[in-house]
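Colleague: Have a look at this one before I ask anything.
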Amino acid sequence: PGTRPGSALRSALAPVAARWPSLGALLLTADQWIDGSVPTVLLAVLGAEYLAIGVVRRSFASWRVAAWQAAGALVYLLATLVALQADPRTAGLIVATGWLLHGVWDVAVLHRTPFAWRWFAEACLVIDIVVGVATLWVVL
């Protein structure tokens, strides 16, 4: 008595609905487990994405946060250049490491420097882990 029809189902699905960015990212990267290849130049994009978002949104809390993002973008650009010149196995290890480390960066954005959308950082974290692990799988 007193409960509305469907409220139990709604309560059961609420945690899943709250994680829609993660679920969407898993669906988006499902092919990585089959193919596992990712263009090396995407490392440079990974490094620049949060810098670009913060600049466009004008949402950096301080110049220090912006400077850290710019430094990270530079590191990813340098890693991209090294990977492009390396043998395939080394390049794959650099690419996989870059994607996995970007997941750490996503966690920092989620919890310490909220200049990007939470849903974006959450989805990015899942994508980074899937692509990094799948790339390692192919390389090793």
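The values are calculated or read from the model by the stated rules, or taken from the named source; none is laboratory data. These numbers come from a predicted model, not from an experiment. Reconstructed Cβ throughout: ideal geometry from the backbone, glycine too, with neighbour counts over all protein chains shown. Please note that ligands, DNA and RNA were not included when accessible areas were found on the heavy atoms of the full protein model with its side chains. Shrake-Rupley method; radii C 1.70, N 1.55, O 1.52, S 1.80 Å.
Colleague: Would you work out which of Ile94, Ala44, Gly132 lies farthest towards the positive end of the dipole of the stretch 15-140, given +1 charges on the beta-carbon of Lys and Arg and -1 on that of Asp and Glu, about the Cα centre?
Modeller: Selected residue: Ala44.
Colleague: Pick from Pro15, Pro114, Pro88 the residue whose mean-square fluctuation is largest in a GNM of the chain, springs joining Cα atoms under 10 Å.
Modeller: Comparing Pro15, Pro114, Pro88 in a Gaussian network model of the chain, the most mobile one is Pro15.
Colleague: Which whole-number percent is the relative contact order of the stretch 18-103 (Cα, under 8 Å, 6+ apart)?
Modeller: It rounds to 33 percent for the stretch 18-103.
Colleague: Can you list the HN-Hα couplings for the stretch 79-84, worked out from phi with the Karplus curve (6.51, -1.76, 1.60; θ = phi - 60°), rounded to whole Hz and with x for Gly and Pro?
Modeller: 4, 4, 5, 5, 4, 5
Colleague: Rounded to the nearest whole Å², what accessible area per residue is found for the chain with the 1.4 Å probe?
Modeller: Solvent-accessible surface per residue comes out at 62 Å².
Colleague: Using only the Cα atoms of the stretch 42-123, construct the convex hull and provide its projected area averaged over every direction, in square nanometres to one decimal.
Modeller: 5.0
Colleague: Under a Cβ-only charge scheme (Lys and Arg +1, Asp and Glu -1), can you give me the dipole magnitude of the chain about the Cα centre, in debye to the nearest 20?
Modeller: Dipole about the Cα centre, nearest 20: 640 debye.
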